[in-house]
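S.K.: Attaching a single structure in structure tokens format; questions to follow.
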Amino acid sequence: MKHRILSSFVLCAGLLLAASANASTGDADDAWAGYLDYAYIYSSASPSELGVRLNQYAREAGVTLDAYMAEHLETGSRASELEKRRRAIGNFLQYLATGKSARLEQAWLAIRKLENRLDRHENRYWHRYIDAHRALDTGDSLEFTARTLRLWNDVIVDMETSYETYQTLSLNDASSSGFAAALPYLYENVARLVLIRSQRMGARSSLDPLAAVVRFLADDRLGAYPDVIDPKASSREYLDAIVARLNGPESDGGSLSFTLALFEAGRYHDLARAKLASDGFSSETLDAVRMAVGAYQSALSRARTLQAQTAVYSRVLRQLGEIHAAKQRLGVDPEVEIPFSIARAIKIYAALDRDLADDWEKHGYHDSGRESYVEAMHGLWEEIQETSFNVAAYYHDRGVREKKGRESLSDAVSTYSRYLTFFNRYAKSGAEEGVPDSAFFAAHDAARGIADAILQYDGGNPSTKQLETATRQYVEALEIFPFESGVWSSAALALERQGRDSDYLGATQGIADRVSESRALDNWIRAEKESAGHFDALRRAVVDDLAVMYLGFSSAKELGELEQGVETLRERRAGLENDIADLRGRLALLGRPASEPLAESTEPAEAAEADAELPDVADGANDSELPAKADADSELPGVAASGPAPNPADDAEEIARIASRIDELDTARARLDEQIEARARALPLFKHVIQRDGLAEDLSAQRTHPVHSLVRRMYVEGNADKETR
Amino acid sequence: MMIPTTGASSRLAFILIVALASACASPWTGSDYYEPQAKLTEADAHLEGEALEQRKGQMRRAHRDLVSLHETARSLRRHRSFDDIRVFEGFVDPYFEEHVQSLLSQEEEGWHSELALLDANLLFAQAAVLVELREKRRVGRVIREIAKRFVGMETMLVEYPIGEQSTLAHALTDLRDLRHNI
């Protein structure tokens, strides 16, 4: 933003001066005289832009500035006041363009010759302005501050009265108003001197008294004259951003030195981020990252309050996270030394938490208030959690990619564990004011992340003990956020790999109870809030064992097969129906009414019963366990309409066998009915749940997603219920 | 007229040139300008019309500036940076003496009734800055000045403490308490 402002400012200045020069008589003397007399308009440009501008003026005037000063300005006692001032300004412009201190001293010597004429605003302005630069040039920040305040008192305050008088008399555009009409430009120059040039020249400390001047400028001064300075060319926008920071939650108790340092660091951070996005880890990117890190260190070294440390860490953690995310994304691992740690950020959070109840004001939030103190705690927490996840994801990815990735996977687990420890310490009840809503879903993510990483141990062959740990973490993750089907299946997989798949329903029973009994969830669904339909489906699913089994042992990919499986069962039921009808027809032929009750079967349909105990969700796997039509037929003698004359004893035996078979098939049909009914009920629930699985990603990406508050309420409720039990 | 076009839009150039057309048309040499030398504190009692409105505007702005000074002084005091405070005092002292003092109605000219509230607000804001700077003696002087100027006006609502309103009598009591605790 600063560059844009300066460019447009310089441009306007150039145009104005060109207009001035061209309106004059046209010789070198008049051209440079105009440029120097109106130098207050463009003297705040950056060195390079000013250099370009001076060269352009030289071409237009046909003589360089130095040559003009040598040839046209008298020296010594013969020099007039005007010539002395122009010489001072000319040398000063050369200093600003080249950075050569000798030119500044020449400017100072020239302007000092007007010390007997400081009653004139113009002389006084250049005298004080050049003097302030001398302090900057020698690196004396405190002296720079003192001289800039003097510039304000001696020049600006006095000129404001004159300017108002001229405005009242509508004289400020007229040539007779003289230097007083320059006031809007002087505001711009002071603003740029304090906010931009001081930083460019390394004034990092002792700027705090200048906060008063910054506030003065923001109060209807800078940018208040759009008819004189185009708002696009004004540094007003930049000033507003600085004042907002100075008075806001990211301040250091109102310190301008810190505010400027943090702003500067943010600017380097933006550059590094842009470089990272466009060039990856190029050498320029690494340089930009180092610059940003250095600027953050510089800001931190100025931080005198916890408020300021929180502001620095909230920002620098983001950079740490961005670097790890890029490393993961690009699959490279350059050496980037960042002397800021998540552990240190946690300590700062701990200090904020300690004084949240009573002593919060002593940490710098006097002006922004307690609300901003709490907001800062939330902000820091969220940066801790997001950086933790970026770092952990990087290690996890590296652990999976590397042949011997155990160490990286352990680092991922440690990083997630640190977040969980942090969470468990500061979110004991879940209702803590300093904990943001998004922290709870993050705890779910961390628990899941630990389990996912453990499952990758030893090339994806963790020990039984590690698998037990992973299972516990998955269950813990589900207790906090049960709405993600992937975690249910991961928990089932972890159990399966231990040979404990039959424990799955038992292990997840507590989660099912928590969901089905949650008042917070019930209220949410009744109020039809965000994703209420999805939550309702999951609530109905977790009380249905078959749906829970689907969640554990099926995936979205298998949905089509599962639905086909139901169809297969229906077809087989129809086949059984036909077989039973055939058998009844045979009975009728043997002289027994088909409607007569059959003798009770003494042979239970074991296979069918076994099948019904645990519906096999892998479609068709249990087909062989059900009585098949072909088998039923083969067990019975063929009954031909034109056979030999029946023997009554044989008939009785045949009737009994057919009756028994019909009974057996009836039982199997009843079992099939149960299976079909169960699957027809559970499948739509499962389907509904897995179709809304993007919710977890939304919650990861959006700190302010409304569902975070539900996750928190359910956590608080669950904790309270645990205590009650 | 030739206009340099270093990537600029001609429209912007036109606007800017028109804005300073008069100054550019007859380059000012800096030697023929008029600068009012008289202080605006003269003849306060006779201020009226445009001049009175201008004075009120200046006093309101000065009050806002004092609020900014107060905010800065408070911040410096909290940070306990004595060098910064010293430099700030070096700024504030002449600002009070030359600027604020020049805006206040002068006794010898007869205090202007329409400026009384603004006078009071300026004095209280000045005192607030001095409290932050721990200038006990000078706060005392401002208290005496207020007590002398506003006899019989104790029920007037003034802007003190900074950002709040209270009666002059109450504000004065608060200020005395603060001074006592410096």
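S.K.: Kindly check whether there is at least one residue in the range A:429-444 that is within 20 Å of the chain's Cα centre (by Cα) and polar (S, T, N, Q).
M.R.: Narrowing the range A:429-444 to residues within 20 Å of the chain's Cα centre (by Cα): A:434-444.
Next, only the ones that are polar (S, T, N, Q) stay: A:438.
Yes, that holds for at least one residue.
S.K.: Go through A:Ser502, A:Ser429, A:Ser417 for me and flag whichever is hydroxyl-bearing (Ser, Thr, Tyr), surrounded by fewer than 20 Cβ atoms within 10 Å (Cβ to Cβ), assigned by TED's automatic domain parsing to the domain that holds A:Val548 and farther than 29 Å from A:Ala720 by Cα.
M.R.: Every option except A:Ser502 fails the conditions.
S.K.: Something else: List pairs: first in the range A:29-50 and in the same structural domain as A:Leu93 (by TED's automatic domain parsing) and without any contact (Cβ under 8 Å) to a residue 12 or more places away in the chain, second assigned to a helix (DSSP H, G or I) and surrounded by 24 or more Cβ atoms within 10 Å (Cβ to Cβ), Cβ under 8 Å, 6+ apart or cross-chain?
M.R.: Correct list of pairs: A:Asp30/A:Ala21.
S.K.: For residues in the range A:49-71 being surrounded by fewer than 19 Cβ atoms within 10 Å (Cβ to Cβ) and within 13 Å of another protein chain (Cβ to nearest Cβ), which is nearest to the chain's Cα centre (by Cα)?
M.R.: If we take residues in the range A:49-71 being surrounded by fewer than 19 Cβ atoms within 10 Å (Cβ to Cβ) and within 13 Å of another protein chain (Cβ to nearest Cβ), then A:Val52 is nearest to the chain's Cα centre (by Cα).
S.K.: Any idea which of (1) over 30 Å from A:Lys362 (Cα atoms); (2) aromatic (Phe, Trp, Tyr); (3) within 14 Å of chain B (Cβ to nearest Cβ) is the one A:Phe281 doesn't satisfy?
M.R.: (3)
Yes or no, residue by residue, for (1) assigned to a loop (DSSP other than H, G, I, E, B); (2) of a type in the set (Val, Ile, Thr):
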site	(1), (2)
A:Ala277	no, no
A:Val289	no, yes
A:Leu317	no, no
A:His324	no, no
A:Lys347	no, no
A:Glu361	no, no
A:Tyr365	yes, no
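S.K.: Filtering the range A:135-158 down to residues that are among the charged types (D, E, K, R) and more than 28 Å from A:Asp220 (Cβ to Cβ), which residue is farthest from the other protein chains (Cβ to nearest Cβ)? Lay out the reasoning, then the answer.
M.R.: Residues of the range A:135-158 among the charged types (D, E, K, R): A:137, A:140, A:143, A:147, A:150, A:154, A:158.
Within this subset, residues satisfying the condition of being more than 28 Å from A:Asp220 (Cβ to Cβ) are A:137, A:140, A:143.
On the way: A:Asp137: 18, A:Asp140: 11, A:Glu143: 9 Å.
In this case the residue turns out to be A:Asp137.
S.K.: Looking at (1) aliphatic (A, V, I, L, M); (2) surrounded by fewer than 17 Cβ atoms within 10 Å (Cβ to Cβ); (3) facing another protein chain (nearest Cβ under 7 Å), which is the only condition B:Leu52 fails?
M.R.: (3)
S.K.: Determine the pairs where a residue that is over 25 Å from A:Thr471 (Cα atoms), located within the range A:552-564, has a partner that is in a loop (DSSP other than H, G, I, E, B) and of a type in the set (Asp, Glu) with Cβ atoms under 9 Å apart, the partner being 6 or more residues away or on another chain.
M.R.: Within 9 Å, the pairs are A:Glu561/A:Asp619; A:Leu562/A:Asp619; A:Glu563/A:Asp619; A:Gln564/A:Asp619.
S.K.: Could you please let me know if B:Val158 is in contact with a Phe, Trp or Tyr (Cβ under 9 Å, 6 or more places away or on another chain) and either aromatic (Phe, Trp, Tyr) or surrounded by 14 or more Cβ atoms within 10 Å (Cβ to Cβ) (or both)?
M.R.: It is true that B:Val158 is in contact with a Phe, Trp or Tyr (Cβ under 9 Å, 6 or more places away or on another chain) and either aromatic (Phe, Trp, Tyr) or surrounded by 14 or more Cβ atoms within 10 Å (Cβ to Cβ) (or both).
S.K.: A further question on this structure: Answer with yes or no whether A:Glu402 is surrounded by fewer than 22 Cβ atoms within 10 Å (Cβ to Cβ) and free of Cβ contacts under 8 Å to residues at least 40 places away in the same chain.
M.R.: yes
Residue by residue, here is whether (1) more than 17 Å from the chain's Cα centre (by Cα); (2) of a type in the set (Phe, Trp, Tyr); (3) at pLDDT 95 or above holds:
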{"residue": "B:Glu107", "(1), (2), (3)": "yes, no, no"}
{"residue": "B:Leu122", "(1), (2), (3)": "no, no, yes"}
{"residue": "B:Ala127", "(1), (2), (3)": "no, no, yes"}
{"residue": "B:Leu172", "(1), (2), (3)": "yes, no, yes"}
{"residue": "B:Leu175", "(1), (2), (3)": "yes, no, yes"}
{"residue": "B:Ile182", "(1), (2), (3)": "yes, no, no"}
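S.K.: Looking at (1) over 18 Å from A:Ala135 (Cβ atoms); (2) at pLDDT 95 or above, which is the one condition that is false for A:Ser198?
M.R.: The one condition A:Ser198 does not meet is (1).
S.K.: Something else: Taking the range A:267-278 on its own, how many of its residues are crowded, with 18+ Cβ neighbours inside 10 Å, touching a residue at least 40 places away in the same chain (Cβ under 8 Å) and not aliphatic (A, V, I, L, M)?
M.R.: Total satisfying the criteria: 2.
S.K.: For A:Ala182, are the conditions met, namely being touching a Ser or Thr at 6+ places or on another chain (Cβ under 9 Å) and surrounded by 22 or more Cβ atoms within 10 Å (Cβ to Cβ)?
M.R.: When the stated conditions are applied, A:Ala182 does not pass them.
S.K.: Scan the range A:74-88 and tell me whether some residue there is surrounded by 17 or more Cβ atoms within 10 Å (Cβ to Cβ), of a type in the set (Ser, Thr, Tyr) and out of contact with any Pro (no Cβ under 8 Å at 6 or more places or on another chain).
M.R.: Looking through the range A:74-88, none of the residues is surrounded by 17 or more Cβ atoms within 10 Å (Cβ to Cβ), of a type in the set (Ser, Thr, Tyr) and out of contact with any Pro (no Cβ under 8 Å at 6 or more places or on another chain).
S.K.: (1) crowded, with 21+ Cβ neighbours inside 10 Å; (2) part of a helix (DSSP H, G or I); (3) not aliphatic (A, V, I, L, M): which one isn't true of A:Gly223, the others all being true?
M.R.: Just one mismatch for A:Gly223, condition (2).
S.K.: In the range B:62-109, which residues are without any contact (Cβ under 8 Å) to a residue 40 or more places away in the chain and outside any helix (DSSP H, G or I)?
M.R.: B:Arg80, B:Ser81 - these are the residues of the range B:62-109 that are without any contact (Cβ under 8 Å) to a residue 40 or more places away in the chain and outside any helix (DSSP H, G or I).
S.K.: Looking only at the range A:72-122, count how many residues are within 57 Å of the chain's Cα centre (by Cα), within 14 Å of another protein chain (Cβ to nearest Cβ), part of a helix (DSSP H, G or I) and of a type outside the set (Val, Ile, Thr).
M.R.: Of the residues in that region, 6 qualify.
S.K.: Within the range A:239-259, which residues are aliphatic (A, V, I, L, M) and either farther than 20 Å from A:Ser372 by Cβ or out of contact with any helix residue (DSSP H, G or I) (no Cβ under 8 Å at 6 or more places or on another chain) (or both)?
M.R.: Passing the criteria: A:Leu239, A:Ala244.
S.K.: Could you say which residue among B:Leu122, B:Leu168, B:Leu130, B:Leu104 is in contact with an Asp or Glu (Cβ under 6 Å, 6 or more places away or on another chain) and under 28 Å from A:Thr148 (Cβ atoms)?
M.R.: Values: B:Leu122 fails: in contact with an Asp or Glu (Cβ under 6 Å, 6 or more places away or on another chain); B:Leu168 fails: under 28 Å from A:Thr148 (Cβ atoms); B:Leu130 fails: in contact with an Asp or Glu (Cβ under 6 Å, 6 or more places away or on another chain).
B:Leu104 is the lone residue from the list that is in contact with an Asp or Glu (Cβ under 6 Å, 6 or more places away or on another chain) and under 28 Å from A:Thr148 (Cβ atoms).
The values are calculated or read from the model by the stated rules, or taken from the named source; none is laboratory data. As the structure is a computational prediction, the values presented were derived from the model and not from experiment. Because the Cβ atoms are built from the backbone with ideal geometry, glycine has one as well, and the counts that use them run over all protein chains shown.
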